[in-house]
1. Go through segment 52-66 and report how many residues are at pLDDT below 90 and closer than 12 Å to residue 3 by Cα.
2. Could you please give the count of residues in segment 19-28 that are more than 15 Å from residue 61 (Cβ to Cβ) and within 11 Å of the chain's Cα centre (by Cα)?
3. Would you mind telling me which numbered condition in (1) within 10 Å of the chain's Cα centre (by Cα); (2) in contact (Cβ under 8 Å) with a residue 12 or more places away in the chain residue 16 fails?
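The values are calculated or read from the model by the stated rules, or taken from the named source; none is laboratory data. Just so you know, these numbers come straight off a predicted model, no measurement behind them. Here Cβ is always computed from backbone atoms with ideal geometry, including for glycine, and neighbour counts include all displayed protein chains.
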Amino acid sequence: MIGQVKSMIEKFILEKSKGDKFIENSLRVKLILKGIDVDSYTDNSPDDPAAVQQIRDVARDFGIIL
């Protein structure tokens, strides 16, 4: 499935930030620090199973189930 990583990142950020732009930016930075380059994924990016699992793990650390 193409673009799954991008949609997972956006869903995680939306659920955790609840629309607060400051928290959204903070979460993007935290994802980058955890090794997930948020801006490198697009709707046309092929899905890497390792990246999908990494995002699920980070989301779970923050209390979000994807």
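1. The total comes to 0.
2. Number satisfying all stated conditions: 2.
3. Of the numbered conditions (1) within 10 Å of the chain's Cα centre (by Cα); (2) in contact (Cβ under 8 Å) with a residue 12 or more places away in the chain, the odd one out for residue 16 is (1).
Conditions (1) at positive phi; (2) part of a helix (DSSP H, G or I); (3) surrounded by fewer than 11 Cβ atoms within 10 Å (Cβ to Cβ), marked per residue:
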position: 6; (1), (2), (3): no, yes, no
position: 15; (1), (2), (3): no, yes, no
position: 19; (1), (2), (3): yes, no, yes
position: 27; (1), (2), (3): no, yes, no
position: 36; (1), (2), (3): no, no, no
position: 45; (1), (2), (3): no, no, no
position: 51; (1), (2), (3): no, yes, no
position: 56; (1), (2), (3): no, yes, no
position: 63; (1), (2), (3): yes, no, yes
